[in-house]
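The values are calculated or read from the model by the stated rules, or taken from the named source; none is laboratory data. These numbers come from a predicted model, not from an experiment. Using ideal geometry, Cβ is built from the backbone for each residue, glycine included, and neighbour counts are taken over all protein chains shown. Just so you know, the surface numbers come from the protein's heavy atoms only, side chains and all, with ligands and any DNA or RNA stripped out. Shrake-Rupley method; radii C 1.70, N 1.55, O 1.52, S 1.80 Å.
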Amino acid sequence: MASAFHRPVLVKEVVSALEPAAHGEILDGTVGGGGHSRALLERYPECRILAVDRDPEALEEARRALSDFGTRVRFLEARFDEAAEGASLAGPSLSGALLDLGVSTHQIDSDRRGFTFRPEAPLDMRMSAGQAGSTTAAALLNERSEDDLTRIFRRYGEEPRARRLAGAVARRRREAPLGVAGDLIEVMAEVFGRPPHVKEKARVFQALRIEVNGEMEALERSLPAIREALLPGGVFVVVSYHSLEDREVKNAFREWGRSCVCPPALPVCRCRGEPLGEVLTRRVVRPSEAEVQENPRARSARMRVWRKAA
Ligand SMILES: C[S@@+](CC[C@H](N)C(=O)[O-])C[C@H]1O[C@@H](n2cnc3c(N)ncnc32)[C@H](O)[C@@H]1O
């Protein structure tokens, strides 16, 4: 199951959470190298998978990795929010859905994709490179206003020196545009008065990646779309890797588990008074120490599960 392309996290937990979906079609909205999908197809012989990824390289790998399963898998190159909206158009059809957010090991490790902070790597970071109108991290750094850059570093990277960093980027680009990871690392070193630590680089690069790929917008749009595409009793599993994503998922699942969704100012309940479903993970699920030892990239993973009312 583990491949050089990507080693899936929380596999046992994801597979067992999706047990109620074992007899229908499960959306794997982030199929990547196909690790989770393979585990589901092997464990539940009657399930089918709608395998989606926005990255054509990931989809090619998933097609290869899941070729044994023939017509049990349908592949779709798309964003998961588009796929969910498409799936819900003809009415609910999914018994389960999985989003394993973020980037794959393959994406991080290939220098030309520009997700890495190895100094010579191009500042690209697009998951669907080549898509018309898509903006690279370099274009963003060279063209966005200082205010906008400050917002990106602060909101998506929780970087305390966001404004100073944005100012330094703006000064630097007046001399020459930023092109490779090393250019941004030099700007960070100038602001911090020393070379940035790995964690600091990770935060700032993560912020750019989230903006380049519209990751928060895709997640926000996909949550209600996937909820609508699920059949009654369908299960929705999300694995996230940073607190912004996890908060979004936690709040949505909690909201859908409430029995009254009227605004607090309304004197009487006007809503249906029925919860849309139930949160199945009272506490967020994290990988075991043993899993983190074997796969350090699993460290930040958090899983939440919701089940639509039957
Ligand atoms: C952590 S990897 C998933 C790994 C996968 N679960 C496996 O077992 O190999 C995340 C994948 O999600 C894809 N992705 C991220 N955001 C996406 C979006 N909005 N729509 C579709 N795919 C997305 C990335 O291209 C990447 O391949």
* Asked: Per 20 Å bin, what percent of the C-alpha pairs of the chain does each bin hold, from zero upward?
  -> 32, 54, 15, 0
* Asked: Which whole-number value in Å² is the accessible area per residue of segment 63-119, probe 1.4 Å?
  -> 48 Å²
* Structure fact -> For residue 117 the rounded accessible area (nearest 10 Å², probe 1.4 Å, non-protein molecules ignored) is 60 Å²
* Measuring from label point to label point, each 7 Å out along Cα→Cβ, what is the residue 186 to residue 67 span in nm? -> 4.5 nm
* Asked: At a 1.4 Å probe, what is the % contribution of carbon and sulfur to the accessible area of the chain?
  -> 50 percent
* To do: Place +1 on the Cβ of every Lys and Arg and -1 on the Cβ of every Asp and Glu in the chain, take the dipole about the Cα centre, and give the residue among 37, 117, 292 whose Cα lies farthest towards its positive end.
  => 292
* **Virtual spin-label span in nm between residue 174 and residue 292, 7 Å along Cα→Cβ** => 4.5 nm
* Structure fact -> For segment 120-258, dividing by residue count, accessible area per residue (probe 1.4 Å) in Å² works out to 43 Å²
* To do: Grab the beta carbon distance between residue 89 and residue 12, set R0 = 35 Å, and tell me the FRET efficiency rounded to 0.05.
  => 0.55
* From largest accessible area down, sort 269, 260; use a 1.4 Å probe on the protein chains. => 269, 260
* Asked: With every protein chain present, what accessible area does residue 67 have (1.4 Å probe, heavy atoms only), rounded to the nearest 10 Å²?
  -> 80 Å²
* To do: Would you mind listing how long segment 160-310 runs along its three principal axes, going by Cα atoms, in whole Å with the largest first?
  => 60, 44, 25
* About its Cα centre, what dipole magnitude does the chain give when the only charges are +1 on Lys and Arg Cβ and -1 on Asp and Glu Cβ, stated in debye to the nearest 20? -> 880 debye
* What stretch of the chain, leaving out the sites themselves, is the longest with no GluC sites (Glu not before Pro) in a DSSP loop having at most 12 other Cβ atoms within 10 Å? -> 121-310
* Asked: Treating the beta-carbon of each Lys and Arg as +1 and of each Asp and Glu as -1, no other charges, what is the dipole magnitude of segment 132-212 about its Cα centre, to the nearest 20 debye?
  -> 220 debye
* Asked: Put a dot 7 Å past each Cα toward the Cβ at residue 269 and residue 46; how far apart are the dots in nm?
  -> 3.5 nm
* Just read off the accessible area of residue 23 with the full protein assembly in place, 1.4 Å probe, to the nearest 10 Å². => 130 Å²
* Alpha-carbon centroid distance for the pair segment 9-70 / segment 248-291, whole angstrom -> 26 Å
* Structure fact -> Full extension between residue 251 and residue 143 adds, at 0.36 nm per residue less the Cα distance, a length in nm of 35.5 nm
